[in-house]
Amino acid sequence: MPELPDVELFGRYFSHHCLGRKIQAVELRSETILRDRSKKEIEVALKGKKFLSVKRLGKYLFVEVQSSLFLVLHFGMTGFLHAFKGKNPYDMHTRALFHFVDHTHLAFVDMRLLGLITLTHSIEAFAQQLGPDALLISQPAFRLLFKKGSVKSVLMDQKKIAGVGNIYCDEILFFAGLSPHKEAASLTEKEINKLYGSMKHVLKKAIEANVESTRMPATWLIHARQKQTLCPKCKAPIDHIKIGGRSTYFCPNCQRA
Ligand SMILES: [Zn+2]
């Protein structure tokens with residue numbers, strides 16, 4: 001599932017392939033991923049325009065079309081972008097196509113149809129329900145979030161802090177040496193500060209690694225998650241449990257409750 005690092009890279013990909021290109025036509029193939037706008041409305045709003053800039057907030061991309069009009073993209077569980085000329089290898093699961101006048105195209109691919117495409121006139125208004133971006137939140141604001149629930153549920157609550165999903169949440173807790181069961185209210189100031197630093201570190205490193213697990217540090221939990229191996233730090237068996245319905249991996253030896 002695309003999380004902050006993935007969406008950051010999608011934003012860069014979009015910028016590289018689409019900014020400044022004039023849109024010849026937009027083809028929306030699924031009503032399911034449109035929230036409150038019709039196909040026609042989006043197609044008409046974008047036709048003949050250029051994409052001007054891309055801003056990411058949490059797991060959302062906001063693409064400026066003209067002053068105070070933004071195309072909003074969310075990638076759900078399985079979404080990604082593919083720019084191409086000629087044949088589209090992902091045609092079957094392509095839900096939206098942006099055709100440019102220079103005969104290049106961008107596909108919004110989403111197998112499970114849990115993504116979102118819409119328009120907004122204000123990023124602030126659209127993002128009212130979202131907390132601050134995980135890479136931008138200040139340390140004092142972060143400290144105030146830990147009042148109730150488990151640490152894992154706080155980090156993954158997009159209304160509190162935007163961008164952290166299941167996989168990187170586990171990695172952040174592993175890096176901070178905190179059990180996912182740990183109660184948010186029981187964290188000391190020192191532990192919260194460590195968690196804050198771990199969050200920024202893990203997210204930035206994942207972006208630097210191009211979200212390819214093979215390029216991520218050998219000491220990361222993600223390797224044990226994928227191959228069911230032992231803890232990359234202490235070699236104890238990794239625990240695999242469900243928290244709030246989400247698959248959770250942690251080392252009971254390195255991560256203390
Ligand atoms: Zn360990």
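The numbers here are math on the coordinates, done by the rules we state, and not lab data. Just so you know, these numbers come straight off a predicted model, no measurement behind them. Note that each Cβ is placed from the backbone with ideal geometry, even for glycine, and that neighbours are counted across all protein chains shown.
Rounded to the nearest 500, what is the chain's calculated 222 nm mean residue ellipticity when only DSSP H runs of at least 4 contribute -39500 (n - 2.57) each, over all residues?
Computed mean residue ellipticity for the chain: -8500 deg cm²/dmol.
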Percent RCO, i.e. relative contact order, over the stretch 1-111, from Cα pairs under 8 Å lying at least 6 residues apart: 31 percent
Chain lengthening between His223 and Asn193 when straightened (0.36 nm per residue, less Cα-Cα): 8.2 nm
Cβ-based charge dipole, the chain, positive-most Cα from Phe98, Leu73, Ile222: Ile222
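Tell me, what are the semi-axes, in whole angstrom and largest first, of the equivalent ellipsoid of the stretch 101-206 as set by the roots of 5 times the Cα gyration tensor eigenvalues?
31, 16, 13
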Over 29 Å (Cα to Cα) - which of Lys39/Lys85; Lys204/Lys233; Lys50/Lys152; Lys40/Lys85; Lys49/Lys200 fall in this group: Lys50/Lys152; Lys49/Lys200
Using alpha carbons only: equivalent-ellipsoid semi-axes of the stretch 1-79, gyration tensor based, whole Å: 20, 17, 11
Largest to smallest principal axis extent of the C-alpha atoms in the stretch 151-197, angstrom: 23, 19, 19
DSSP beta bridge pairing in the chain, given as percent antiparallel to the nearest 5: 90 percent
Rounded if a/c under 1.5, otherwise prolate or oblate - the stretch 53-93, Cα gyration tensor axes: oblate
Which of Tyr13, Tyr249, Tyr168 has the fewest Cβ neighbours within 10 Å, and the rest in rising order: Tyr13, Tyr249, Tyr168
Computed over the stretch 112-230: relative contact order in percent, which uses C-alpha pairs under 8 Å that are six or more apart: 23 percent
D (Stokes-Einstein, µm²/s), Kirkwood Cα radius, the stretch 41-118, 1.002 mPa s at 20 °C: 163 µm²/s
Rg(Cα) / (2.2 N^0.38 Å) computed for the stretch 218-257, rounded to two decimals: 1.09
Rounded FRET efficiency, nearest 0.05, which uses the C-beta distance separating Leu114 from Lys233 and R0 of 25 Å: 0.15
Hydrodynamic radius of the chain per Kirkwood, over alpha carbon pairs, in Å: 19.5 Å
Globularity ratio of the stretch 105-152, using Cα Rg and 2.2 N^0.38 Å: 1.67
Span per principal axis, largest first, for the Cα atoms of the stretch 21-154 (Å): 51, 32, 25
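For the stretch 125-182, what relative contact order do you get, as a whole percent, if you take Cα pairs closer than 8 Å and at least 6 residues apart?
Reported as a whole number, the value is 37 percent.
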Distance between modelled label sites at Asn210 and Lys87, nm, 7 Å Cα→Cβ extension: 2.4 nm
Estimated D of the stretch 75-119 in µm² per second, where Rh is the Kirkwood radius over Cα pairs and Stokes-Einstein applies at 20 °C, 1.002 mPa s: 199 µm²/s
